[in-house]
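Chemist: Below are the structure tokens for one structure; questions will follow.
The values are calculated or read from the model by the stated rules, or taken from the named source; none is laboratory data. Please read these numbers as outputs of a predicted model, since none were measured by experiment. When we count neighbours, we look across all protein chains shown, and the Cβ atoms used for this are built from the backbone with ideal geometry, even at glycine. Protein only, heavy atoms only, side chains kept; ligands, DNA and RNA dropped before computing areas. Shrake-Rupley method; radii C 1.70, N 1.55, O 1.52, S 1.80 Å.
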Amino acid sequence: MSEPIVRFVGIGKTYDGVTRVVERLDLDIERGEFLTLLGPSGSGKTTTLMMLAGFETPTEGEILLEGKPLSKLPPYRRSIGMVFQNYALFPHMTVAQNIGFPLSVRGIGAAEIAQRVERALDMVQLPGLGARKPAQLSGGQQQRIAVARALVFEPKLVLMDEPLGALDKQLREQMQLEVRRLHRRLGVTMIYVTHDQHEALTMSDRIAVFHRGRIQQLDRPERIYEQPSNAFVARFIGENNRLLGRLEGVDGNRCTIRLAGDALVEGSLAAPLPAGAQVMVSLRPERVQIGGAAPTIGANGHCRLAGRLREVIYLGDHVRARVALPGNDDFTVKRPIDDAHRLPAIGQPVELAWAPEHCRAFAREDADIPT
Ligand code: ADP
Ligand code: MG
């Protein structure tokens, strides 16, 4: 594998000398990848990005850009494009002057700037808007201009911090696909910050899930979703039913779990734990089958659990059933519309079934204890 374009080596950051907002961060970013830093507000994403951009200084550790310590590279040699949530276009300049700005500060001639600005406007699908002022554009158009300005000087690295956060849902989803296409086409390395899990899953080659200044998991989107490595990631990404239990037996990463209400089910362990450990079991709503009391669901090897149907909600493309189980009053199952006929009347017993690999057991955290 080629040398990572960026390496964070033992990076720590404190603003007040007391609290570490980024802790012992080791992260290699591969050339050409789309990496997303995903996490709740305050988890240290922007701080991490700002240290890479050179706007904040790490308290400890070193960031390497193409093998060279960033602290020794002056900003104009860093070749990093940036896009922020609030666009940060210069209001007094025209669109063309805004896009051309990174080129003029690099001493490129007027004729070439004009050409490259035209190409950049085409690239973000806003040809012919060069003479306007930012205030004459919609929010979505302004953000496209900000993207064009970040890409126009062909940087090796583009950093984006919640760039679509101010746009409405439809425009945001359209822009997500556009930015992803631009990434594919240009082959540039992109590091993208968001607190929106759907955005992260849609756009990324890899996702680094942040919580309390630490990376909880760094993985491809499907693995982050299907195989969360701890209880925080399972809670933060996607929907998730939680059941408390105790590990009864462990065999490699397979385990048996004694749930509240005494049912014994099989599951898989995200990380090694000893028998006897208190665990939180996580089950995605779409991985659970549901049926009336007769065994009409689940194949051999599936785990089964009996409950009572509380509510069925019709959502057009799927149905959601809410089921009361021992230890979880509000267990949610998500099924295709065609499965609705398997459901008995409200208030009747139901059976749930799932494959053991979709039942993941984690070490219990304080946040898992019901209040
Ligand atoms: P995120 O982008 O994930 O929301 P930030 O990196 O902005 O997180 O913030 C991480 C923590 O650092 C937060 O507790 C925030 O209040 C604090 N913080 C961020 N910037 C500063 C600053 N310039 N001075 C002091 N504290 C800051
Ligand atoms: Mg932020």
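Chemist: In this structure, does Gly107 turn out to be away from ligand 1 (no atom under 15 Å from the Cβ), open to solvent by 40 Å² or more (accessible area, probe 1.4 Å) and at pLDDT 95 or above?
Modeler: no
Chemist: Would the stretch 26-43 turn up any residue that is open to solvent by 40 Å² or more (accessible area, probe 1.4 Å), over 18 Å from the mean Cα position of the chain (by Cα) and of a type in the set (Ser, Thr, Tyr)?
Modeler: no
Chemist: Right, next: Determine if the stretch 168-178 includes at least one residue that is within 26 Å of Leu103 (Cβ to Cβ) and either surrounded by fewer than 19 Cβ atoms within 10 Å (Cβ to Cβ) or touching a residue at least 40 places away in the same chain (Cβ under 8 Å) (or both).
Modeler: yes
Chemist: In addition: Any residue in the stretch 96-123 that's free of Cβ contacts under 8 Å to residues at least 12 places away in the same chain: show its pairings with residues that are aliphatic (A, V, I, L, M) and in a helix (DSSP H, G or I) at Cβ separation under 8 Å, as long as the two are six or more apart or on different chains.
Modeler: Going by the 8 Å Cβ cut-off, the qualifying pairs are Ser104/Ile113; Glu112/Leu103.
Chemist: Looking only at residues that are more than 20 Å from Val18 (Cβ to Cβ) and open to solvent by 20 Å² or more (accessible area, probe 1.4 Å) in the stretch 48-61, which one is farthest from ligand 2 (Cβ to nearest atom)?
Modeler: Gly54
Chemist: Quick check: anything in the stretch 38-47 away from ligand 2 (no atom under 13 Å from the Cβ) and either aliphatic (A, V, I, L, M) or part of a helix (DSSP H, G or I) (or both)?
Modeler: Within the stretch 38-47, none of the residues are away from ligand 2 (no atom under 13 Å from the Cβ) and either aliphatic (A, V, I, L, M) or part of a helix (DSSP H, G or I) (or both).
Chemist: Residues in the stretch 136-158: is at least one at pLDDT 90 or above, within 16 Å of ligand 2 (Cβ to nearest atom), closer than 22 Å to Ala53 by Cβ and aliphatic (A, V, I, L, M)?
Modeler: No.
Chemist: Next question, about the same structure. Being touching an Asp or Glu at 6+ places or on another chain (Cβ under 6 Å) and more than 9 Å from ligand 1 (Cβ to nearest atom) is the filter; apply it to the stretch 9-56 and report the residue that is nearest to Gly67 (Cα to Cα).
Modeler: This residue is Val9.
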